[in-house]
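What follows draws every value from the coordinates through simple rules; no lab data is involved. Since the model is a prediction, treat every value here as computed from it, not as a measurement. Here Cβ is always computed from backbone atoms with ideal geometry, including for glycine, and neighbour counts include all displayed protein chains.
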């Protein structure tokens, strides 16, 4: 081991200035010492154990347990793990340290972690016989109290399980689709409860024996306590999960808007100098309409206006329509640097802000929201979903089942008796009739009463639900969504409609970006 350590330290010293990070090399250099320490520790614990085995207490009380549980094997296993760590060092870590390639740093860390884990397991294995002996001696001394405490704990456990079973049964009645899922989840608690019953019975039996088996007694009481702790956590988690089934919410997109801005930048300098200092200034963004945005967006980084002082005073050179420039209301002298007599104005950026307006429905209560700012990605992803439900979690579903895929408003509620029932319409087709609380879903297209028919709902559920947006059946694929006739009519008064949103938007309108700029006298080749 000493030669290994010397070799490793030498290798680290040679390559210290390059390759692998110094901290990794340092960690690797500490490993040989850690292996030696672990081996020494295991050997000492084993020696202490062997010495204790020769005493009367061990022979009279603990020997039967030690033989049955084979405590001596722990030390063999512990030393084997120390050897494993040494093998990883010699076969894996040393070659990588010698190679000294920074690309292998992750591989070195993986092997160092394996060594650390092997040494930890070695120390744990060596300590277990001593811990077990102390546990058994305590069980002999405190056995009656342990059984008494376990009896109280089992009573609490039984009460928890009984109450939880009643809650689950009610939930299964209210949400029959979750019958099997809830049975399986309750089954985990049932197994723990039944195990605790058997373990307490075993502990009570041993306590009454002339020569109790304190391993069975102690382990049984410990299992009862552990199972109670686990069932408490399961009870809390399952009740919370069941509560999710009783919550219903959805979000419908009812309006969209984009605010367009133009940001002007200025470079100014003094023509008194051959190599003047350039002064940069950026104006606050000016809001424009979509048409104005379309005009300015292609002009990013292009000089559009210049103000220069000559013999007769200041003059303006303008490269765009003057009305366009004046509409931006730019004070060209704003924070003007003293002494500068020339300038260029350009379009620095054309930022946009995106907004949605929603109607949220939670447990049958409808709330109309104000404008909410959203990212461009969210806006673009939902540009075809006006009037649609974009978030949905009906009764009888868990939070993890919430759908973020657009669907016609209310279609996610169809087929659930908490929201309505099937009926036969005048045309003989089966259609869904919402309960009075949710009757507003019949009016998603204004005053005309709208129904979802069984065949269309079946197709949505089979082919679309939770997987892709649904804009209508194959016979009418544009029945719902932004560009359907129904939505155009129902949302004619929306901000989206008023700004011309129902027109197909050219993708290039918002495609302009910020370019690399060469500006001022240097950029103009002065």
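Some observations on this one:
- Compared with the dominant principal axis of the Cα atoms in the chain, helix 105-174 is inclined by about 90°.
- Nearest 10 degrees, 0 to 90: helix 2-14 Cα axis against the chain principal axis: 10 degrees
- Principal axis dimensions, the stretch 2-245 - Cα atoms, whole angstrom, descending: 71, 59, 21
- As a proxy for reagent exposure, ranking 268, 248 by other Cβ atoms within 10 Å from fewest up yields 248, 268.
- In the stretch 384-504, the inverse of the mean reciprocal separation of distinct Cα atoms equals 15.1 Å; this is its Kirkwood hydrodynamic radius.
- Net lengthening on full extension, residue 107/residue 373 (0.36 nm per residue, minus Cα-Cα): 91.3 nm
- Pairs of alpha carbons in the stretch 123-237 separated by more than 21 Å make up 48% of all such pairs.
- Helix axis angle, 454-463 relative to the chain longest principal axis, alpha carbon, degrees: 70 degrees
- Residues of the stretch 369-385 with amide N under 20 Å of a point placed 7 Å along Cα→Cβ from residue 468: 380-385
- Spin-label proximity, residue 498 to the stretch 227-260 - amide N less than 16 Å from point 7 Å beyond Cα toward beta carbon: 254-260
- Extended-chain gain in nm, criterion 0.36 nm per residue less alpha-carbon gap, residue 287 and residue 329: 14.1 nm
- Cα-based equivalent ellipsoid, the stretch 205-321: semi-axes from gyration tensor eigenvalues, Å: 83, 26, 8
- Volume per residue for the stretch 287-332 equals 84 cubic angstrom (convex hull of Cα atoms).
- Principal axes of the stretch 189-272: Cα extent on each, largest first, Å: 111, 46, 11
- On the beta carbon distance between residue 353 and residue 230, with R0 = 60 Å, the FRET formula returns roughly 0.75.
- Shape category assigned to the stretch 319-449 from the gyration tensor of Cα positions, a/c cut at 1.5: prolate
- The three principal axes of the C-alpha atoms in the stretch 19-135 carry coordinate ranges of 61, 21, 20 Å, sorted with the longest axis first.
- Taken over the chain, the alpha-carbon convex hull comes to 286 cubic angstrom per residue.
- Computed FRET value (nearest 0.05) for residue 183 with residue 204, which takes r as the C-beta separation and R₀ as 35 Å: 0.70
- Here's the picture: a label point sits 7 Å out from the Cα of residue 211 along the beta-carbon direction, and within the stretch 53-69 the residues with their amide nitrogen under 18 Å of it are 56-69.
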